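First up is the structure itself, then whatever we jot down about it.
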Amino acid sequence: MIVLGYRLIPRAGEANDIMSNFWNKQIERADYLANESSGSKELLTFYAQLLRAQAEFYDSLRSRKNWLPSGDLETDLSVVRPFMTALLEIVARHGPTSLAEEAQTLLTAETDILPDKLLDYWRNPSDTQFFAKALLQPYARWLAETGTPPAGRELAGGDRTCPFCGGRPQLSFLQAKESNAESGNRDLLCSSCLTSWEFRRVVCAGCGEERPAKLGYFQSPEFNHIRIEACDSCKLYIKGIDLTRLGLAAPLVDEIYGAPLDLWAREHGYTKIELNLVGV
Ligand SMILES: [Zn+2]
Ligand SMILES: [Zn+2]
């Protein structure tokens, strides 16, 4: 499916029910990898819970009668805000200590600061605003699926941010688009609305550097289908998931599975373009 230059991830099938299967696929992959993995087990277990909460929120948006999102979060806030409580409860129960404490504080706060937090994030997305980012991903994805342009967000322009919502890339992935393609095309996946867009293969997703000598790729035998894509001009990096090597990978989840590679990147002086939802 191609709509105005951005694309929803499940390209095969193209049917509506495949869209809602997006969340099931992420959850199944997270459950599977949480069992397999030793190094990232806790992160993946938490992420699986978070995905379940996001999927539930997405389903309730999708099945809401006589309602479609306006694209303006302030207008849609009365529908979105109630789900924040469910999300906070899950994080308070399953999250890592610092996030769990923050969730508990927000749940018991006397004044409701969450609407402001949500609107702040919407206008100016940041990877450190965990709760708003987690809650608004399903909302923004539903906007994309219903073709509702987001309002009140700055679109930065250029191809290094999402053409639909202006969000920064969470990861890149390689995927064969034509049956005869040998090495695959590269796409970036948006950290805000979870749609993807095409991006040139040998270019830094952070600053646009094109000189091959400035671009480094780092892999470990443990993660054959995941690599660090680092740039020596801006010192930023992003993780790339190679679906031509492992077709059943779910880029969002496998990106977290490959958390040990982030440690390596940080130790070598690189900063991630966008932290993922488990803070790595
Ligand atoms: Zn986006
Ligand atoms: Zn760069």
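Of note:
- Bridge type composition, the chain - antiparallel percent by DSSP, nearest 5: 80
- Overall dimensions of the chain by Cα: Rg and Dmax, Å: 18.1, 60
- Efficiency of FRET from Cβ geometry, Ala156 and Asp112, R₀ 35 Å, rounded to 0.05: 0.70
- Kirkwood Rh in Å, taken over segment 217-280 so that all alpha-carbon pairs contribute: 11.8
- Dipole of segment 132-280, positive end: most advanced residue of Gln175, Cys234, Pro221 [Cβ charges, Cα centre]: Cys234
- ³J(HN,Hα), Karplus 6.51/-1.76/1.60, whole Hz, each residue of segment 231-243, x for Gly, Pro: 10, 8, 7, 9, 6, 9, 9, 9, 9, x, 10, 9, 6
- Spacing of the modelled spin labels on Glu74 and Cys207, each 7 Å from Cα toward Cβ, amounts to 3.7 nm.
- Among His225, His94, His268: highest mean-square fluctuation, GNM of the chain, C-alpha pairs under 10 Å: His268
- Inter-label distance, nm, simple model (7 Å from Cα along the C-beta direction), Phe199/Asn66: 4.3
- GluC sites (Glu not before Pro) within segment 186-280: DSSP coil, no more than 12 neighbouring Cβ in 10 Å: Glu210, Glu222
Computed from the coordinates by the stated procedures, all read-outs in this text should not be read as laboratory data. Because the structure is a prediction, the values reported are computed rather than measured. Quick reminder, even Gly has a Cβ in these numbers, built from the backbone with ideal geometry, and neighbours come from all protein chains shown.
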